Amino acid sequence: MPRDPLPAPSDASLAATPTGGDEEGSTAAPAAVEEVLTMRIALGDEAVGEVSTRFRFDPQRPYEVLLTFHLGRPDEADWVFSRELLRDGLTTLSGQGDVKLWPAYCPCHGATLHVALESPHGSALLEVAKPKVQDWLDRTYAQVSEAAEASCGPTDAQLAALLAGGFPTD
């Protein structure tokens, strides 16, 4: 079996520079939560392949998750979507447009998460073990809780006010 083309997840901090505190109690930015999972991909009516996929969560950008698909070529395909969409997709049909997720049960693989992706270049239907995604997602919420997300960026109300009133001219 070939070696996984994606390196193992890193426990290293995202920030090389401390964000505050003294030398003894300095605090660096929280580390990214990463895991490489194997996803099954539908290649045709009966054909199924596998693609190594890095799931990545950056605590500095708590609203989003990044999936990087290693396609066996020098390039990789990145998809960014909301952490909330992934969370909801573990229990019900979630998303519209380019990304849709939903839970399923496969007699061969047990509880799974289906991920449907659409782009101008084509579409893909992928499947991954739901418990592994849930474990990874739980680790992201341990880093930045859902309640703490509100302090990490503008709220919907703030964005609506900004869009309604235009940009400040100060």
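The values are calculated or read from the model by the stated rules, or taken from the named source; none is laboratory data. Computed from a predicted structure; not experimentally measured. These accessible areas exclude ligands, DNA and RNA; they are computed on the full protein's heavy atoms, side chains included. Shrake-Rupley method; radii C 1.70, N 1.55, O 1.52, S 1.80 Å.
A few notes on this one:
- To the nearest 10, the accessible area of Tyr63 is 100 Å² with a 1.4 Å probe.
- Cα-based shape type of the stretch 35-154, given that a ≥ b ≥ c are square roots of the gyration tensor eigenvalues and the cut on a/c is 1.5: prolate
- Cα shape, the stretch 31-104, gyration tensor, a/c 1.5 rule: oblate
- Per-residue SASA remark: His70, around 40 Å² accessible (1.4 Å probe; ligands, DNA and RNA not included).
- For the stretch 135-146, putting each phi into the Karplus relation 6.51 cos²θ - 1.76 cosθ + 1.60 with θ = phi - 60° gives couplings of 4, 4, 4, 4, 5, 5, 6, 5, 6, 9, 5, 4 Hz, in residue order, rounded to whole numbers and with x for Gly and Pro.
- Along the stretch 32-42 the Karplus relation, 6.51 cos²θ - 1.76 cosθ + 1.60 evaluated at θ = phi - 60°, assigns HN-Hα couplings of 5, 9, 10, 7, 9, 10, 8, 10, 8, 10, 6 Hz to successive residues, with x for each Gly and Pro.
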